[in-house]
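The values are calculated or read from the model by the stated rules, or taken from the named source; none is laboratory data. The structure presented is a predicted model; accordingly, all values stated were derived computationally and were not measured. Here the Cβ positions follow ideal geometry from the backbone for every residue, glycine too, while neighbour counts run over all protein chains shown. Side chains included, ligands, DNA and RNA excluded: accessible areas come from the protein's heavy atoms. Shrake-Rupley method; radii C 1.70, N 1.55, O 1.52, S 1.80 Å.
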Amino acid sequence: MISTNGYAAHSATTNLTPFSYEHREPGDKDILIDIQFCGICHSDIHQARNEWGNAMYPMVPGHEIVGTVAKVGSAVTKFKVGDTAAVGCMVDSCGTCGSCKAGEEQYCDKQATVFTYNSKDKAGNLTFGGYGEHIVLSEDFALSVPKNLDPAATAPLLCAGITTYSPLKHWQAGPGKKVGIIGLGGLGHMGLKFSHAFGAHTVQFTTSESKVEDAKKLGADEVILTRQEGWAAKHVGSFDFILDCVSAEHDVAPYLSLLKRDGTLCTVGLPEKPIAIHAFSVVARKNFSGSMIGGIAETQEMLDFCAKHNIVSDIEMTSFDKLDEAWERVIRGDVKYRFVLDLKTLKK
Ligand code: NAP
Ligand code: ZN
């Protein structure tokens, strides 16, 4: 077994503390990764605090992982020891259903997607994520990190990146389209970069005055401060697609009013409470949808796209001794635009 030191939540109401646990010994198709960097996603907080009602403790969060391959099984073909590899939100799935065969393992028809943490693997053991020294997984769920990308700033691409890239591709953000991004956080800032890179006219919605100038630098053609009275009026009926990246309860009615006929508001944000939609907001043939991360092949495509277009996340490095403070700042929307934990700061 691979003994591992990390940080775990033991209940919904206590802070994370140092925790030692074990990963399985790598099998024939498995690789062992020594983790270097792990992004802090708002989902880590939702889950550790049991805001989605599905928490399993002890929970070692973290699904924006970049590290070095330390061991490979005898049947591994994609990786060799010393390679830089990455892991996102999932580590396994059934592999045989229609969704898995279509490369959409996150939507496994048998609901057998094994998530990187707060999930049970096929042997029934709890999975442990990136707030720890190592991870063991099948090479089929690991990603290759292009050499020209900075490894720390690449980590957030594994969740915030793919979660925004996938729906923007699916709903064909590109030239001639007007696309909105709601919330300039970890996901939002990646959505903004991708929509801009795809050539869409991109409008950033934010509640934070302090982020308006940044949004323009990150690629927004227009920025709308939604704390201002009457902010929606000028844009009613003009958007093809809006991606909602907000982590907390908010009213989606004004955004639905901004859609064209047949336009789509897609939520990737996963607030604790249900989203209320009045029928009148959608009867003009508006679509409300959602999207969850992206498949493994699409995640590799996204990393390769980033390598080609020189896109990474804007990050602030942090350490395990400042983890509680970092989480509180994420909740306040006070991070530009993703915290990344340096595993070297983990005390053993
Ligand atoms: P984040 O970095 O905390 O960003 C959330 C942003 O939402 C904030 O920066 C803020 O932007 C805005 N916001 C926060 N509270 C708000 C409020 N009360 N009203 C209006 N806007 C508010 O979070 P994240 O890591 O990007 O994650 C965003 C959400 O996506 C979370 O719920 C997370 O669990 C979910 N998620 C989903 C998937 C998926 O597969 N679907 C994957 C990863 C994460 P402004 O300051 O610009 O207003
Ligand atoms: Zn995430």
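The table below lists the values:
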quantity: In degrees, nearest ten, helix 160-170 long axis to first principal axis of the chain (Cα); calculated: 50
quantity: Point-to-point label distance, V283-D251, nm (Cα→Cβ direction, 7 Å offset); calculated: 2.0
quantity: Inter-part distance where segment 243-268 and segment 50-127 are each reduced to a Cα centre, Å; calculated: 30
quantity: Gyration tensor over alpha-carbon atoms, segment 102-169, equivalent ellipsoid semi-axes in Å; calculated: 22, 18, 11
quantity: GNM result for the chain, Cα springs below 10 Å: residue of L126, L158, L192 fluctuating most strongly; calculated: L126
quantity: Carbon/sulfur fraction of accessible area - segment 1-147, other protein chains in place, 1.4 Å, %; calculated: 50
quantity: Estimated FRET transfer efficiency (A75, T17; beta-carbon r; R0 45 Å; 0.05); calculated: 0.75
quantity: Translational diffusion coefficient (Stokes-Einstein; Kirkwood radius from C-alpha pairs) of the chain at 20 °C, 1.002 mPa s, in µm²/s; calculated: 105
quantity: Average accessible surface area per residue within segment 171-311, 1.4 Å rolling probe, Å²; calculated: 46
quantity: Charge-dipole axis of segment 208-348 as Lys and Arg at +1 and Asp and Glu at -1 on Cβ define it, positive-most pick from V312, I224, Y255; calculated: Y255
quantity: Order of exposure, largest accessible area first, which applies to V91, V81, V66 with probe 1.4 Å; calculated: V81, V91, V66
quantity: Viscosity 1.306 mPa s, temperature 10 °C, Stokes-Einstein D of segment 147-241 from Kirkwood C-alpha radius, µm²/s; calculated: 116
quantity: Only Lys, Arg (+1) and Asp, Glu (-1) charged, at Cβ; the chain dipole about Cα centre in debye; calculated: 600
quantity: Whole-number accessible area per residue in Å² for segment 1-132, which is evaluated in the context of all protein chains at 1.4 Å; calculated: 41
quantity: Cα-based helix-to-principal-axis angle, 186-197 vs the chain, degrees rounded to 10; calculated: 70
quantity: Relative contact order (percent, whole number), segment 167-212, Cα cutoff 8 Å, 6+ residue spacing; calculated: 45
